[in-house]
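*Asks:* Next up is a structure, given as C-alpha cells.
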Amino acid sequence: MTTAVPRTRSHDDAPDTEAAFARLNSLDEGPEYQALRDELVAQWLPMSARLAVKYRNRGAEIEDLYQVAAMGLIKAVDRYEAARGAFEAYAIPTINGEIKRHFRDSLWAVHVPRRVQEFRNKVRIARSELQAGRPGEPSIAELAAQCGLDEDEVRAGMEAIESFRSLSLEAESGGAQGEGAGASLADSLGTTEPGFDHVIDREAVKPALRALPERESQILYMRFFQEMTQNQIAEELGLSQMHISRLITRACKRVRQQTLSEHLEAA
C-alpha cells in the first residue's frame, strides 16, 4: 500500500487549494461553481501580483500588469485539472505568458515587426549577461557574439528596445541655459504650409504639360495662367468658343491621365 505524498508549496503566497480544485472540477456550471471559482481566484491573487511585479520598469504601468496577471490567473483557474499536478506549476507559465503577450501586442509606441521584437529580446538578455560580468556598455560586436546575431540585427534590436517609450511633445528639448532652455519638442516642429499641396500638384503635372502639342499647351497657358476666357482665346486664335472648350477638356484629361499613370508606376 502506497501513501500519497502531499504537494509542497514553494512560496508563502501559494495556498493549499488542492481539495478545492478537485471539488471545482466535479461541479457543473452554476452558482456553487462560480462562488468556488471566485474564491480560488482571490486566494491566488497574491501570487499573480508577485509575478506582475517582476515585469515592472519595462515600460508598463504596474496597475496594468496586475490586471493582466489577474487575467492570466483566471484563465489558469478555468483550465486547470487537478490531475495535472500542483496548480502553481500550471498557473505560473500561464500568467507569465499572458504578461509577455501584453508586452508584445500592446505596449509598442512604434509598431515593430515580430522578427525585430525577437532581436530585441535577445539583445536585452545578452546586454544584461555582459553587464553582470563587468561594468559599462558592451559593444555591438560583443552583443552580436553573445546572442548569436549579426551586428545589423543587434542594432535593430537596440532600436526596438526604445520603441516601448515615446517622448511627449511637451517634454523639454534639453537645451542649455540661455538659448532654447525650457523649449518643448513641439516648439521645434514645423507646420504645414498652406500652399504646400499646390506646389506638389504643380510639380507633378509639369512633365505631362511639356508633352502636350504646342497648340493645346498654348491654350492651357492662356486659360489658366493668363486667366483669359474661352471667348477671348477663341478670338485670339481665330477658333470657335466650342472648339476651344473641347481642346481644353481634352488637354486636361490627357494631363490628368498621364500624371496619375506616372504616380502609380512610382508607387
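*Asks:* Sort 51-57, 211-217 by the packing proxy (mean of other Cβ within 10 Å over each peptide's residues), most packed first. Intermediate values should be presented prior to the final figure.
*Replies:* Values: 51-57: 15.1, 211-217: 13.0.
Ranked from most to least packed, the peptides come out as 51-57, 211-217.
*Asks:* Then there is this: Which order do the peptides 124-131, 27-34 come out in when sorted by mean C-beta neighbours inside 10 angstrom, highest first?
*Replies:* Working: 124-131: 15.2, 27-34: 10.0.
Highest mean packing first, the order is 124-131, 27-34.
*Asks:* Another question, if that's okay. May I ask you to evaluate 6.51 cos²θ - 1.76 cosθ + 1.60, the Karplus curve with θ = phi - 60°, for each residue of region 19-33 and list the ³J(HN,Hα) values in order in whole Hz, giving x for glycine and proline?
*Replies:* Result, rounded to whole Hz: 5, 5, 5, 4, 5, 4, 5, 8, 8, 8, 4, x, x, 5, 4.
*Asks:* For region 201-209, in order, what is each residue's ³J(HN,Hα) by Karplus, 6.51 cos²θ - 1.76 cosθ + 1.60 with θ = phi - 60°, in whole Hz (x at glycine and Pro)?
*Replies:* Here the 3J(HN,Hα) series is 4, 5, 5, 5, 8, 4, x, 5, 5 Hz.
*Asks:* Accessible area of GLU63, 1.4 Å probe, to the nearest 10 Å²?
*Replies:* 110
*Asks:* For the pair GLN257/LYS75, report the inter-label distance in nm, with labels modelled 7 Å from Cα in the Cβ direction.
*Replies:* 5.6
*Asks:* If packing is taken as the mean number of other Cβ atoms within 10 Å per residue, what is the order of 240-246, 219-225, 64-70, highest first?
*Replies:* Details: 240-246: 14.0, 219-225: 16.1, 64-70: 19.0.
Highest to lowest by the protection proxy: 64-70, 219-225, 240-246.
*Asks:* In vacuo Debye scattering of region 52-162, one point per C-alpha: log10 I(q)/I(0) at q = 0.20, 0.23 Å⁻¹?
*Replies:* Debye intensities relative to I(0), on a log10 scale: -1.03, -1.15.
*Asks:* Something else now. Please report, in Å, the Rg and the Dmax of region 214-267, where both are computed over Cα atoms only.
*Replies:* Using the Cα atoms of region 214-267, the pair Rg, Dmax is 13.1, 43 Å.
*Asks:* Using label points projected 7 Å from each Cα along Cα→Cβ, tell me how many nm separate GLN67 and ALA89, to one decimal.
*Replies:* Inter-label distance under the simple model: 3.4 nm.
*Asks:* Here is a further query. For GLN43 and SER139, compute 0.36 nm times the residue count separating them, minus their Cα-Cα distance, and round to one decimal in nm. Walk me through the numbers before you get to the answer.
*Replies:* Values: separation 96, 0.36 × 96 = 34.56 nm, distance 4.65 nm.
Gain on stretching GLN43 to SER139: 29.9 nm.
*Asks:* Quick one: Karplus J couplings for region 127-133, per residue in order, coefficients 6.51, -1.76, 1.60, θ = phi - 60°, nearest Hz, x for Gly and Pro?
*Replies:* Each residue of region 127-133 in turn: 4, 4, 5, 5, 6, 5, x Hz.
*Asks:* Oh, and also: How high is the FRET efficiency from ARG250 to ASP197, r the C-beta distance, R0 35 Å, rounded to 0.05? Write out the running numbers ahead of the final one.
*Replies:* Values: r = 26 Å, r/R0 = 0.73.
That gives a FRET efficiency of 0.85.
*Asks:* To continue, here is another question. Long-range amide H contacts for LEU149: which residues qualify at under 5 Å (H placed 1.01 Å from N, peptide plane, sequence gap of 5 or more or a different chain)?
*Replies:* none
The values are calculated or read from the model by the stated rules, or taken from the named source; none is laboratory data. Note that the coordinates shown come from a computational prediction; the quantities given were computed from them, not determined experimentally. With ideal geometry, Cβ positions are generated from the backbone for all residues, glycine too; neighbour counts draw on all protein chains shown. These area figures cover heavy atoms from the full protein model, side chains too; ligands, DNA and RNA do not enter into them. Shrake-Rupley method; radii C 1.70, N 1.55, O 1.52, S 1.80 Å.
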